[in-house]
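All remarks here apply to the structure that follows.
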Amino acid sequence: MVELIRALVEAVTQGLPGLRGIREEKRRRELGAELFLLYVRLNEAMLAADAIVRSLEVYVERMGGHLEHGNDRYALTAGNWIVGSVRKQIVNLTRISGLMGRHGTALQIINPDAYNRLHPLLSGKFNALRVLLDIMRSGALPLAPTGEDIARAMEAGDPESDDGQDRMMALMRELSPRWHDSALATSSEWGPSTYDCVVLYLREREPRGQLAEIRGALEALRAALEEHFTIADVLLEVGDSRMGSVSGNFIE
């Protein structure tokens, strides 16, 4: 999941140089408001991911002690520790999809190439984000996708074209079972096999380092907002539906 958030954040920050070319006042206001919302939502997603990774790190420390000494059965309940953060992440990713998918305009304006490459992850009948959300709604923590999975999805082509949709559906039929199998059930005891899985995940995928890069990219986004927009530019109108809708209709 951290790799997906990183890909989304990088897509936005790579387009920041394009802000200098936006001159028309109305478009600047619309773009500023949407980028501000993206900054807020992506920051929320980073914080939820950080809480999950921190819980995994604590679990490894405590479970390692329990396996050695047998005196910390609370470590077996680690799945319960992350339930709240997983629920928050469902909301965060659904909102981000609405802002970065085909209903959003900011990324299309500032980085159309990245928008086109991310499109297969967020849009279409059987996209990567839909699979992740399905896993989380089932009460599990997805450790997928890997960076390689994301790269393959981004190369699948436009999911709204017949060829691109066929390629994406074929890819997701291949990847989805592995993503489900590698997910950690939050309602079950996290015993030795889960311990080995989490240790491997933290060592090989290095989510802590990825979160540091996400934080740095979000700091760059904040600086760009301060440089290119006024408060009036980024404030939404009262009642703007983008503020809090989480109907799920964006995941199409």
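The values are calculated or read from the model by the stated rules, or taken from the named source; none is laboratory data. What you see is a predicted model; the values in this text were computed from it and never measured. Here the Cβ is made from the backbone with ideal geometry for all residues, glycine too, and neighbour counts use every protein chain on show. Just so you know, the surface numbers come from the protein's heavy atoms only, side chains and all, with ligands and any DNA or RNA stripped out. Shrake-Rupley method; radii C 1.70, N 1.55, O 1.52, S 1.80 Å.
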Find how much the distance from Glu61 to Thr230 grows on full extension, using 0.36 nm per residue of separation minus their present alpha carbon separation; answer in nm with one decimal. 56.2 nm
In degrees from 0 to 90, rounded to the nearest 10, what is the angle of the helix 192-205 Cα long axis to the longest principal axis of the chain? 40
Helix-only [θ]222 nm of the chain, DSSP H runs n ≥ 4, -39500 (n - 2.57) each, per residue, nearest 500: -22500 deg cm²/dmol
For Ser193 and Glu25, FRET efficiency with R0 = 45 Å and r from the beta-carbon atoms, rounded to 0.05? 0.15
Computed over segment 79-197: relative contact order in percent, which uses C-alpha pairs under 8 Å that are six or more apart: 30
Rounded to the nearest angstrom and ordered from largest down, what semi-axes does the equivalent ellipsoid of the chain get from its C-alpha gyration tensor (root of 5λ)? 34, 21, 15
Please compute the per residue accessible area over the chain with all protein chains in place, 1.4 Å probe, rounded to a whole number of Å². 48
On C-alpha positions alone, give me the angle between the axis of helix 25-69 and the longest principal axis of the chain, in degrees, nearest 10. 10
Return one number: the angle in degrees, 0 to 90 and rounded to the nearest 10, between the long axis of the Cα atoms of helix 128-137 and the longest principal axis of the Cα atoms of the chain. 50
Computing the accessible area with a 1.4 Å probe over protein heavy atoms, can you report the carbon and sulfur percentage for the chain? 49
With an 8 Å cut-off on Cα pairs and a minimum separation of 6 or more residues, tell me the relative contact order of the chain in percent. 34
Across 10 Å bins from the origin, how do the percents of Cα pairs in segment 92-173 run, short distances first? 19, 50, 29, 2
Here the longest stretch of the chain that holds no trypsin sites (Lys or Arg not before Pro) in a DSSP loop having at most 16 other beta carbon atoms within 10 Å is 126-252
Sparse-neighbour loop sites [GluC sites (Glu not before Pro); segment 101-201; at most 15 other C-beta within 10 Å; DSSP]: Glu155, Glu160, Glu189
